[in-house]
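Reviewing the structure listed below.
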Amino acid sequence: MKYFNRLAMGTCYYPEHWDESLWLNDLQRMLKAGIGTIRIAEFAWNKFENEEGVFTFDFFDRFLDVVEQTDMKVIFCTPTATPPAWLTQKYPEVLQADQDGHIFYHGCRRHYNYNAPVYLEKTRIIVEELAQHYANRRCIVGWQIDNELNCQIGEFFSEADSVAFRVFLKEKYGTLNKLNEAWGTVFWNQTYTDWSQIYLPRHTPHNTSNPHLKLDSLRFYSESCISYCKLHYDILKKHLPKNVFVTTQGLFPHVNYNRLHDEALDFLTYDSYPMFGLSDEGGNRLKDRKWSMELARIRGAGNEFGIMEQQSGPGGWYNRRFMPTPKPGQIRLWTYQSVANGADYISYFRWRTCTFGTEIYWHGILNYDNQDNRRLQEITDIGREFEKLSDLAGKTYQAKVAILYDYDNEWDGETDVWHGPLRKYSNAGLFQALQESHVPFNYVTVSPNLRAADLKAYEVVFAPHMTIMDPDLAECMKEYVKGGGILIAGARTGYKDRNGRCPMDIMPIGMTDLFGMEIRDFTALNAESPYAYASLGDKKLYMPFFHDLLTPVADTCETVAVYSEDFYKGTPAIVKNQYGKGQAWYFGAAFDCETVKELLKTLGVESLIKDLAEVPPCCEISIREGDGKAYLFVLNYTGDTVELELKKEMRNALTDEKVSGAYKLDAYGVLILEV
Ligand code: GAL
């Protein structure tokens, strides 16, 4: 079911932070700016249950009565991200703990755990009460569950979590013998003889725990999060009218968002703060543009999505971070970054900066003074533009390439210094190369349901470092290639099973026929290694972090590039194998941006817009298409005017003018063309 039939704007509003006399005026000003939806109540538990078991709804009833004097729509939240002080005092077992078992006390947020039976019961009660009371309120169009599940804390060590972990393991393995076998506990005498001996990874010398236990612990964190979300979802769905949606925001560590989406939500939302990429902590080459990578992940977790919090002001807590204010044009640029990547709903965080509390410096659209300002004007202008673009909603992001994304591999990589750093480097390298070559991509998530048919539409599929491999996934890749696809796997593919153990077999396990080669030797490299190169004809390619030394064994396997240094100089580094109607490439290192660009050229993968426009690499492009209409987006992330060449006449969707030939796009500018 589609929930958005037109592009729409919203904002996050906290009626509990303001004098009631401001409410109506705030709502009227929002509507005037084109903001038609507000999200409320995600941290307001005390307003409903200030005393255990005593429920009062008059505060939000009063607020919703005011809302219903206007046309404003509401996304109502379950308030569980901040359990009340009376609750954490009376039931301290609901509190979350760090790895040493130290309790996180009351005073911030997300200080609870997903597994304390009493918290599950308190959650059930408050969600049930709210759903019963508010389900049929006319202005409520959707619900948000909690707030940013797994944000701030993504690994959990409370007593209740360890107890639930044992139940999870019993269900998974059945017997301790099987668990001991799967985790290889014979190594260093870790054999468990009673379930009660098992804990989520605790501090050990060098803080090194059994890697297979560690992998299962990360899966367990995801499982806990999904089942906590589903607790809310099932209650809400029981009460809500059919057209009222349920969502929550991603992306945070150790959550399988595809499963969260499929099992416990109607669609996902994302909180987009691209200024992180421009402030010191960003540390990435594409700065704010890198947020498109997160947007691609959200898109990959389930088609329709919205932005629940789009940055609209400078940021910072009173004790953390320091972010400048968005320059004129940047709120608009980031808004269209979200839209260009597939979002149909944009809600700005937050209407007005709070005048007290931890986020006293995390600014919203309006400043403390409550006066109209340039940020409100910029958003008002976007609202007018959205009216011209309203039929964009539901149009599909056009991708030429897929990148396989596998949670097990991501999580195993987090704990593994041999291939972990490869993943991070390659994700960034692939993203930048594809962005700057104007070759849009989708993340396709690996799951037991993945079929070759899901990959068929893509010209090329990258499988960066699928260390953990199983016969089903290998089969799916083979089917895709047999049918004519091009698969490119990176170093360390196929040497672990789903438990993260390494079977005694020739690498890449179960795929030597697919790639027509065997890996008989390999080496890790330092990041700065002078030997990290391969030759492709007369070109020198940077091949960082790891070298798989490839030995072709099939006549169909052709060497594309060879390592150019060290004792294995001349050994194949990149090979391609004709397999069925397609090609399987093996790339022996991590994917560097410039190397990937070279590879795309060698493969003949062209820009999505080659017939439409010449656009410099500093601009992001995308096309959203559907119902016989397509829109091209060009986003300029730089503070300079850039020159484009439009190769045919197209309609500027915002001004209605016909444009063609040389075109100047302003600093932080956005061009949207109907093509
Ligand atoms: C988000 C969160 C909001 C607010 C915002 C700015 O992560 O959902 O409640 O904290 O960041 O810090």
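Quick look at the values:
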quantity	calculated
Burial order of peptide ranges 42-48, 549-555, 486-492 (average beta-carbon count within 10 Å, highest first)	486-492, 42-48, 549-555
Beta bridges per DSSP with both ends in segment 401-603, % antiparallel, nearest 5	60
Under 5 Å, built H, 5+ apart or other chain: amide partners of W362	G316
Of the DSSP H helices in the chain, those whose Cα atoms cover at least 30 Å axially and whose Kyte score averages -0.5 or more	211-239
Gyration tensor verdict on segment 493-601 (Cα atoms; rounded if a/c is under 1.5, prolate if a/b is larger than b/c, oblate otherwise)	oblate
Segments 532-543, 186-197, 296-307, 654-665 sorted - mean Cβ within 10 Å per residue, highest first	296-307, 532-543, 654-665, 186-197
Cα shape, the chain, gyration tensor, a/c 1.5 rule	oblate
DSSP beta bridges in the chain [antiparallel fraction, %, rounded to 5]	55
Carbon and sulfur %, accessible surface of the chain computed with the full protein complex present, 1.4 Å	50
Part-to-part distance (alpha-carbon centres) for segment 123-202 and segment 17-87, which is given in Å	30
Computed [θ] at 222 nm, deg cm²/dmol, the chain (DSSP H ≥ 4; -39,500 (n - 2.57); rounded to nearest 500)	-9000 deg cm²/dmol
Highest to lowest packing among 463-470, 321-328, scored as the average C-beta count within 10 Å	463-470, 321-328
Shape of segment 348-493, Cα gyration tensor, a/c cut at 1.5	prolate
Antiparallel bridge percentage (DSSP; both residues within segment 1-110; nearest 5)	20
Average accessible area per residue (Å²) across the chain - probe 1.4 Å, nucleic acids and ligands excluded	40
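The values are calculated or read from the model by the stated rules, or taken from the named source; none is laboratory data. What you see is a predicted model; the values in this text were computed from it and never measured. Every residue, glycine as well, gets a Cβ built from its backbone with ideal geometry; the counts of neighbours run over all protein chains shown. Calculation scope for accessible area: heavy atoms of the full protein, side chains included, ligands and nucleic acids excluded. Shrake-Rupley method; radii C 1.70, N 1.55, O 1.52, S 1.80 Å.
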